[in-house]
Amino acid sequence: MGRPDPEEGQLPAPVKPPDGGWGWIVLLGCFVITGFSYAFPKAVSVYFKELMKDFHVGYSDTAWISSIMLAMLYGTGPVCSIMVNQFGCRPVMLIGGLLASAGMILASFTTNIIELYLTAGVLTGLGMALNFQPSLIMLGTYFDKRRPLANGLAAAGSPVFLSSLSPLGQVLLEKFGWRGGFLIMGGLLLNCCTCGAVMRPLDMGMKRKMGKTQDKYEAKEMLPIGGKSEEGISTSDGNKKAKKAKKKPKKGKKLLDFSIFSNRGFIIYTIAKFILVLGLFVPPILLVNYAKDTGVPDTEAAFLLSIIGFIDIFARPACGMVAGLKWVRPHVAYLFSFSMLFNGLTDICSARASNYTGLVIFCVFFGISYGMVGALQFEVLMAIVGSQKFSSAIGLVLLIEAFAVLIGPPSAGRLVDALKNYEVIFYLAGSEVVLSALFLGVASYCCLNRGKKKEPPLDNNPSGVGGSDTEEAESDVQEAEEHSSDNHQPAHNTDNAVVAANEEANHVAEEQSGEGGGCPAGDGEVSARDGCNADQMVERDSF
């Protein structure tokens, strides 16, 4: 008897997230990847002045390097989803780490700004995108109960790396120049390959455990069970062949699952996130120039961003812990809506801040609200679509966000040039964030909660409804149970069967004599539903 193939339905393996163990190593890798993905495009701005001198270009020309990196990070979401669904997370992350490192290494040998766009912008941006999205998918695979906390801790990588990569870049620039700095930064990005290597697929460990369990099962089957052992083996082999003949061929896995657009919660989340991104990044981008225009010295103005980053480091894990509470997690979408509302009102209330103290207070509250948004954004998406469809969902969401990133900050910059007034920009950005918060909260309550109350109870096997993976797993479980019962049935001892039948007959006779024949002896549960009273049913259920 060989070990049954898991693909044949003999070993059902609905993989349960361990919520720990190797998952903490995966969390550490996700922390590093998130830090590089979000902080690296901003940290590269340290080299802009030297690039302007060497290539004789303006600030807007060099700023396109960071813009292209972010555009690749967001815009290549569907490509990342397709690659993950086709090849898995670990190979995609290893390729992404090599591309990100190669982009910065090649950028250190460039001779014009166009080459920088293609190397540091496109190649490095694509590499970081191929790392960022799979790391979040793996995080959702390894964590379930502790997933909000895990998302919060992973999201803290962004402010931690931002506060460390910028000073490091300045030191490298002073000692080795921008070319040497790019070369060393490219070497640092090879750590993404290390993070990708630790992203072990969860089903590998489960297969090992299942193999040990099956070995024990086979050992029990091979024990001497009398003259009927050969009959049991031949019967099980015959049943196995019959199962193979009857089993339907499984459908191939979709490279990009567009069926998530039939999920109303996903539609609401996507629209709210698009509106949010239009105004979320505007205040931190314009904050330093706004402070300088109000008379704040350059060093103190730059320190404002450090305040936001420092508060953000602690806000994200703290918000993840709160979101993981039993009475909060079912309503995590409303907590996300509250965090967006908090952020938008902070922008609006601080629009008239005219001194350094007022700007510091704004940075404190903005850091808290910004950290809450960063910790909850992907947790809410995972809760809406589930881990099975998250790889496709995040790719499509990031693609839609890419358009908002290209519209929001550039439009705000043009309005500043036209109006020469930062106050209007803060009002506009805050209003967009508040609008997204109200839309998410109201739409979730009206379209989702009320829809659940009105919907009738679903059948056990509804037609045309999603969840094919779950139904397939359940059918595999049923097949495995039937196969197991077929294997054991010929090997049962006939004496035990006779004893069990006698005991059941005595029990039925006692019931007939005690209850006055209120229920026929051989009808079982069906007769109990039809002719027996509630007391008799309870008594039978107790046995």
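Nothing in this text is a laboratory measurement; each read-out follows from the coordinates by a stated rule. Note that the coordinates shown come from a computational prediction; the quantities given were computed from them, not determined experimentally. Quick reminder, even Gly has a Cβ in these numbers, built from the backbone with ideal geometry, and neighbours come from all protein chains shown.
Could you please state, rounded to a whole Å, how far the C-alpha centre of the stretch 323-379 is from the C-alpha centre of the stretch 15-87?
Measuring centre to centre over Cα atoms gives 23 Å.
Please work out the Cα convex hull volume for the stretch 295-334 and give it in Å³ per residue. Each step should come with its number before you reach the end.
Details: hull volume 2.9 nm³, N = 40.
About 72 Å³ per residue, rounded to a whole number.
Binning at 5 angstrom from zero up to the longest distance, how are the C-alpha pair distances of the stretch 258-451 distributed in percent?
Bins of 5 Å from zero give 1, 8, 16, 19, 19, 15, 10, 6, 4, 1, 0 percent of pairs.
Given LYS42/LYS326; LYS53/LYS292; LYS16/LYS326; LYS16/LYS273, which pairs have Cα atoms separated by over 28 Å?
Long pairs (Cα-Cα over 28 Å): LYS42/LYS326; LYS16/LYS273.
Ranked from highest to lowest mean number of other Cβ atoms within 10 Å per residue, what is the order of the peptides 145-151, 59-65, 309-315? Walk me through the intermediate numbers first.
Working: 145-151: 23.9, 59-65: 15.6, 309-315: 20.1.
The densest-packed peptide leads the list: 145-151, 309-315, 59-65.
I'd like the Kirkwood hydrodynamic radius of the stretch 11-63, using the inverse of the mean 1/r over distinct C-alpha pairs, in Å.
Numbers: mean 1/r = 0.0682 Å⁻¹.
Computed over the stretch 11-63, the radius equals 14.7 Å.
Over the stretch 16-216, how many percent of alpha carbon pairs lie in each 5 Å bin up to the one with the longest distance?
1, 8, 15, 19, 18, 13, 9, 6, 4, 2, 1, 1, 0, 0, 0
Take the alpha carbon gyration tensor of the stretch 246-370, find the square roots of its eigenvalues, order them as a ≥ b ≥ c, and report rounded if a/c is under 1.5; if not, report prolate when a/b exceeds b/c, else oblate.
It comes out prolate by the Cα gyration axes.
Normalised by the residues of the stretch 258-451, what does the relative contact order come to in percent, with Cα pairs under 8 Å and at least six apart? If you can, show how the numbers build up before the last one.
On the way: 228 pairs, mean separation 83.9, N = 194.
Once normalised by length, the contact order is 43 percent.
Based on the mean of other beta carbon atoms within 10 Å per residue, what is the order of 126-132, 161-167, most packed first? All intermediate terms of the calculation are to be shown ahead of the outcome.
Values: 126-132: 28.0, 161-167: 18.4.
With the highest mean Cβ count within 10 Å placed first, the list reads 126-132, 161-167.
Can you tell me the order of 295-305, 43-53, 269-279 when each peptide is scored by its average per-residue count of other Cβ atoms within 10 angstrom, highest first?
Numbers: 295-305: 14.6, 43-53: 18.4, 269-279: 22.4.
Ranked by mean Cβ neighbours within 10 Å, highest first: 269-279, 43-53, 295-305.
Please list the equivalent ellipsoid semi-axes of the stretch 122-205, computed as the square roots of five times the alpha-carbon gyration tensor eigenvalues, in descending order and whole angstrom. Working shown, then result.
Working: eigenvalues 180, 48, 19 Å².
Each semi-axis is the square root of five times an eigenvalue, giving 30, 16, 10 Å.
What are the equivalent ellipsoid semi-axes of the stretch 251-301, built from the alpha-carbon gyration tensor (square roots of five times its eigenvalues), in whole angstrom, biggest first? Numbers along the way, then the final one.
Details: eigenvalues 378, 32, 6 Å².
Working from the Cα gyration tensor, I get semi-axes of 43, 13, 5 Å.
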